[in-house]
Amino acid sequence: TDVGGLGDKSFNDSANRGLQWAKSQLGMHVTVLQSRSVTDYEPNLSTLADQGNDLIFAIGFLMHDSLNDVAPRYPATHFAIIDSVVDQPNVTSITFREEESSFLAGVVAGLTTKKNVVAFLGGIESPLIEKFQAGFAAGVESVNSRATLLVKYTGSFDDVASGKEYTSVLYDQGADIVYAAAGKCGLGAIDEAQSRPAGYFVIGVDSDQDAIAPGKVLTSALKHVDHAVLALAADASRQAYPRGTL
């Protein structure tokens, strides 16, 4: 996993869901190692390779450099990375068009807001998360040119408390809808929405987060990392590893 770890009810949990599907549907043996910090990436990837796993997933763009270092040391092992491109012969890179689902989330926000102020809460400021922001902003603008967009970044994907704090600030600045693309920080955003009266919402990301706070999660921008993991695992079961970027 990335540093957000299991239990984020979003990105890492979606990837793990795909892995568990591979176990139940394909009969594959699966192992999950959680990363508590960025220094865990390289040893975790190496450990999984030393264990003899046929396919190893690096979940998240933050693992780019670590995987780029590890992959050449294990040429007989195939790796995959989510949300980044690692140009190695034994690596499949899986990317998504996050701006498209984020655009639709922006349309929903622009049509729903009563205050004409909506917000985007990102995790670590990076080209990937900026794709979420850009798509959301364009979606809002397409249906509600009067709406103002507020933007904040937590600088983290695993600090639940900062997600709650920043969401509180955004609500206090006038927003009634916050789109949180911030990993586990999004759980803090949802918690803050629950503490507010009717009319304050969060838009979830990567997984369907409605069950966390029914009535407070306006919608979720699904990414389906789970489907990508299962599809690549199915390829691996046939020893047919796609190369390059998908």
- Item | Boolean, Thr1 is open to solvent by 30 Å² or more (accessible area, probe 1.4 Å), in a loop (DSSP other than H, G, I, E, B) and within 16 Å of Phe79 (Cα to Cα) | no
- Selection from region 116-132 of residues outside any loop (DSSP other than H, G, I, E, B) and touching a residue at least 24 places away in the same chain (Cβ under 8 Å) yields Val117, Val118, Ala119, Phe120, Leu121, Gly122, Leu128, Ile129, Lys131, Phe132
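Say whether the condition of being in contact with a helix residue (DSSP H, G or I) (Cβ under 6 Å, 6 or more places away or on another chain) and not small (Gly, Ala, Ser) is met by at least one residue in region 113-120. Break it down stepwise before answering.
We begin by selecting, within region 113-120, every residue in contact with a helix residue (DSSP H, G or I) (Cβ under 6 Å, 6 or more places away or on another chain); these are 118-120.
Next, only the ones that are not small (Gly, Ala, Ser) stay: 118, 120.
Yes, region 113-120 has at least one match.
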- Gln20 vs. criteria under 22 Å from the mean Cα position of the chain (by Cα) and without any contact (Cβ under 8 Å) to a residue 12 or more places away in the chain: yes
- Message: Can you pull out every residue in region 135-187 that is among the aliphatic types (A, V, I, L, M) and closer than 18 Å to Ser207 by Cβ?
- Response: Val160, Val178, Ala180, Ala181, Ala182, Leu187
- Phe103 being open to solvent by 30 Å² or more (accessible area, probe 1.4 Å), among the aromatic types (Phe, Trp, Tyr), closer than 21 Å to Asp83 by Cβ and touching a residue at least 24 places away in the same chain (Cβ under 8 Å): yes
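How many residues are among the aliphatic types (A, V, I, L, M), over 22 Å from Asp191 (Cα atoms) and surrounded by 22 or more Cβ atoms within 10 Å (Cβ to Cβ) if we restrict to region 106-136?
So the answer is 0.
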- Message: For region 55-68, give me each residue that is over 20 Å from the mean Cα position of the chain (by Cα) and either loosely packed, with under 15 Cβ neighbours inside 10 Å or more than 21 Å from Leu230 (Cα to Cα) (or both).
- Response: Asn68
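Would region 152-168 turn up any residue that is farther than 30 Å from Arg36 by Cβ and either surrounded by fewer than 16 Cβ atoms within 10 Å (Cβ to Cβ) or more than 17 Å from the chain's Cα centre (by Cα) (or both)? Working first, answer last.
Of region 152-168, the ones farther than 30 Å from Arg36 by Cβ are none.
No - not one qualifying residue is present in region 152-168.
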- Filter the strands (runs of 3 or more DSSP E) completely within region 156-232 down to those with at least 2 residues that are within 30 Å of Arg243 (Cα to Cα), in contact with a strand residue (DSSP E or B) (Cβ under 9 Å, 6 or more places away or on another chain) and not charged (D, E, K, R). 217-222
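The values are calculated or read from the model by the stated rules, or taken from the named source; none is laboratory data. Please read all numbers here as calculations on a predicted model, not as lab measurements. Neighbour counts run over all protein chains shown; Cβ positions are idealised from the backbone, glycine included. Note: accessible area is taken over every heavy atom of the protein model, side chains too, but ligands, DNA and RNA are not part of it. Shrake-Rupley method; radii C 1.70, N 1.55, O 1.52, S 1.80 Å.
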